[in-house]
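Please treat every number below as a calculation from the coordinates, not as lab data. Quick caveat: nothing in here was measured; it's all calculated off a predicted structure. Methodologically, a virtual Cβ is constructed for each residue, glycine included, from the backbone with ideal geometry; neighbour enumeration extends over all protein chains shown.
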Amino acid sequence: MRLTGTAPFHQGGPRSRSTSIEVLRRAIELGVNHIDTATFYFSQTRSANELINSALSPYPKDLVIVTKVGPRRNASGAWEPPATPAELRGEVEENLRQLGLDCLDVVNLRVSRGQTSVAAHFSALAALQAEGLIRSLGVSGVTVAQLAEAQAIAPVVCVQNPFAFDRRQGRDVLDACRDQGIAFVPFFAIAGSGRDTGDGSTPSAAITDLAAARGATPAQIRLAWTLHQGPHVLAIPGTGSLTHLEENIAAATITLTPEELAALD
């Protein structure tokens, strides 16, 4: 999402196309093999899927491109009602076209706010998986009960939920993923309570003190804390900056001691 503009969606001007492509290629050089995207990640003149296709195709064999379906925006950027189960085929096919793929590595069903059952939508994706359009399925924005409902239909390989140092609601989902061998992929790990405005909350003293002691940035400590929540936890910090990209990846090398984790908790 950050590749397309200076702020999410249509809230800021478009990023330099050459910089966004450079960020993607540098990420691969640094060993990144998991990229999160969606057709609704676009600004006035930039599309995340198109940027990924232009920068990285033909794709490295070990690269996993994860997209999500459900939310929809029209050409002017305004949000529309979420896709119905019958409309998910069009969403999947549009991802295939934009990314230049014959099969999507992983498709997450992004559950709409207020939605209770995921059965109809997830069953529709499972049917597309059976057709060979999708390799693996995931869910996003789910409760433990919704995860169990999806698992009863088809295997879930990942859960993408909001989770951060100062936004720890939903730990029960994180724990359920650990127990079931499912990847837990938190978003807003850096922005935290700032969410998709891109504004992180004021770092706590524990974060800033540890960052100073480690010669790291507060964002790096937040990412390191996230990754320490379990071996099944990934992170998808969005950025359109080469500097931030390299800082984010370096956060994976920070090993926090039990004492440091206790202080943060």
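Things to note:
- Convex hull of Cα atoms in region 130-265, direction-averaged projection (nm²): 9.3
- Bins of 5 Å, starting at 0 and running to the largest distance - Cα pair percent for region 1-45: 5, 24, 25, 25, 15, 6, 0
- Amide hydrogen neighbours beyond the local backbone of Val64, cut-off 5 Å, H modeled: His34, Ile35
- Volume per residue that the Cα convex hull of region 64-135 spans, once the total is divided by residue count, Å³: 89
- Taking every alpha-carbon pair in the chain and binning the separations at 10 Å intervals from zero gives 7, 29, 37, 22, 5, 0 percent.
- Remark: region 205-212, residue by residue, has Karplus-estimated 3J(HN,Hα) of 4, 4, 5, 5, 5, 5, 4, 5 Hz, where x stands for each Gly or Pro and the curve is 6.51 cos²θ - 1.76 cosθ + 1.60 at θ = phi - 60°.
- Computed per residue of the chain from DSSP H runs no shorter than four, each worth -39500 (n - 2.57), the mean residue ellipticity at 222 nm is -11000 deg cm²/dmol.
- Computed over region 17-160, Kirkwood Rh from alpha-carbon pairs, angstrom: 15.7
- Relative contact order of the chain, taken over Cα pairs closer than 8 Å and 6 or more residues apart, is 16 percent.
- Each peptide in 154-166, 129-141 gets a packing score, the mean of other Cβ atoms within 10 Å over its residues, and the list from highest to lowest is 154-166, 129-141.
- Once C-alpha pairs closer than 8 Å and six or more residues apart are averaged by separation and normalised to the residue number of region 17-160, the relative contact order reads 19 percent.
- Contact order relative to length of region 112-153, as percent, for alpha carbon pairs under 8 angstrom and 6 or more apart: 53
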